[in-house]
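Only the coordinates and a few stated rules stand behind these numbers; no lab work does. No experiment lies behind these values; they were computed from the predicted model shown. Reconstructed Cβ throughout: ideal geometry from the backbone, glycine too, with neighbour counts over all protein chains shown.
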Amino acid sequence: MAATVPPTADEYILETRGLTKEFSGFLAVSNVDLKVRRGHIHALIGPNGAGKTTFFNLLTKFLIPTRGAIIYRGRDITPEKPAQVARAGMVRSFQLSAVFPHLTALENVRIALQRALGTTFHFWRHQATLGVLDARARELLELVDLAALAGVVAVELPYGRKRALEIATTLAMDPELLLLDEPTQGMAQEDVERVTALIRQAAANRTVLMVEHNMRVVSTIADTITVLQRGQIIASGSYAEVSRNPQVLEAYMGSADTELENAH
């Protein structure tokens, strides 16, 4: 994990200030002040219904905040649209696998790479015009240990490999800030370990903000952990700090204290 060094203001790639989302009188996210340091893996955890996915939807502009501000790379992006945020380098991987099921692994990554050519939705372009992307697509597949499966149709890939493919397509968009929503959900332990290693690789040259329930994963790779409960931050710090926080243990209704303490 990264060394503990006091950060300066310009070291924060993302900041939310008083971010709030209200649905018909219900506060799903309430006055959240969050800072994500550049080059770190920052995990967002909390019990079901804590507001984690709503918070992600606010960051990527799928939801409009009731009030508050989102500052990305020193710029207020609160009024911007999802496509603008993605073009600025904040790219999200969703909770459910979001690949094209009837295209091969290589074709999925190549579509993501087409953004650089300005032809993302030109699915009818001649094969020869897309060949220039094959080398980079294969590099990304190699990175996620899918090189041998480049020609396999996505629907035929095991679940864990589909999530690896999704990470490859997300990396193809060259994000500066990568948002991962439950990247290991529903995986067997072997796949969890593989995807955890991929996240660590992905974070080598970028920042990662992830929602994750698997405390073993969080304790292994997260530099900073922020805990939400009922839409509010109740704790933030290293795993050692958060795992001993009485409010955090209470938030998990007594069931997470054993999991938190024994995650290693």
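In whole angstrom, segment 28-105 maps to an equivalent ellipsoid with semi-axes of 23, 17, 14, each derived as √(5λ) from the alpha carbon gyration tensor and ordered largest first. Between Arg200 and Lys81, the contour length at 0.36 nm per residue exceeds the Cα-Cα span by 39.9 nm. For segment 200-217, putting each phi into the Karplus relation 6.51 cos²θ - 1.76 cosθ + 1.60 with θ = phi - 60° gives couplings of 4, 5, 4, 7, 4, 10, 7, 9, 10, 10, 10, 9, 8, 8, 6, 5, 5, 5 Hz, in residue order, rounded to whole numbers and with x for Gly and Pro.
Given the peptides 84-90, 102-108, arrange them by the average over their residues of other C-beta atoms within 10 Å, most packed first. If you can, show how the numbers build up before the last one.
Numbers: 84-90: 17.1, 102-108: 20.1.
Answer by packing, highest mean first, reads 102-108, 84-90.
3J(HN,Hα) couplings calculated from phi for segment 241-247 with the Karplus curve 6.51 cos²θ - 1.76 cosθ + 1.60 (θ = phi - 60°) are, in sequence order, 5, 5, 5, 9, 6, x, 5 Hz; Gly and Pro show x. The calculated FRET efficiency for the pair Ala88 and Val153, based on their C-beta separation and a Förster distance of 25 Å, comes to about 0.15.
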